[in-house]
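The values are calculated or read from the model by the stated rules, or taken from the named source; none is laboratory data. In this text the structure is predicted, and so the values were computed from the model without any measurement. Cβ placement follows ideal geometry from the backbone for every residue including glycine, while neighbour counts extend to all protein chains displayed. What goes into the accessible areas is simple: the full protein's heavy atoms, side chains included, and nothing from ligands, DNA or RNA. Shrake-Rupley method; radii C 1.70, N 1.55, O 1.52, S 1.80 Å.
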Amino acid sequence: MAYVDGFVIPVKLTDKQAFIDHARQMDSIMMDEGALRIVECWADDVPEGKQTDFYRSVDRQEGETVCFSWIEWPDKATRDAAFARMGQNEEMMNTPMPFDGKRMIYGGFDPVVVLEKNHG
């Protein structure tokens, strides 16, 4: 079964295209490093909660939204090796992020239930 990295990211509404451009650039590197699938999502129908929500999770500021992203890897070992190499990648390390990385939430997850439709 695969391994998944998940992210919730605060992004300024005015930086949507910059976020997309940055994602395409960085995601292509991660695909070259072994990622199987990467999905970058811009908030569309994200309700504000009474106790907690996606917005509070990243301390959303005025003029920001949230993006939800995930990376599927074949396994944790592939992901760990890729992250080690990417930490040495000059392009990745020197490319400015179009969001506040200090408020990004991320983590690695071991899938316990996976359901898929057969598209064949």
Quick check on this structure: which one of Thr52, Thr95, Thr78 is modelled with pLDDT of 95 or more and either within 29 Å of Val114 (Cα to Cα) or out of contact with any strand residue (DSSP E or B) (no Cβ under 9 Å at 6 or more places or on another chain) (or both)? Thr78
Enumeration of residues in segment 63-99 that are open to solvent by less than 50 Å² (accessible area, probe 1.4 Å), within 22 Å of Val46 (Cβ to Cβ) and not in a strand (DSSP E or B): Gly63, Pro98, Phe99
Mind listing whichever residues of segment 26-85 are of a type outside the set (D, E, K, R), more than 17 Å from the chain's Cα centre (by Cα) and within 24 Å of Val11 (Cβ to Cβ)? Pro47, Gly49, Gln51, Thr52, Gln61, Gly63
Pairs returned, first residue in segment 98-120 that is acidic (Asp, Glu), second residue that is assigned to a loop (DSSP other than H, G, I, E, B) and open to solvent by 50 Å² or more (accessible area, probe 1.4 Å), beta-carbon separation under 9 angstrom, 6 or more apart or interchain, are Asp100/Asp59; Asp100/Gln61; Asp110/Met1
Matching residues in segment 17-55 - criterion: being assigned to a helix (DSSP H, G or I) and either hydrophobic (A, V, I, L, M, F, W, C) or on the phi > 0 side of the Ramachandran plot (or both): Ala18, Phe19, Ile20, Ala23, Met26, Ile29, Met30, Met31, Phe54
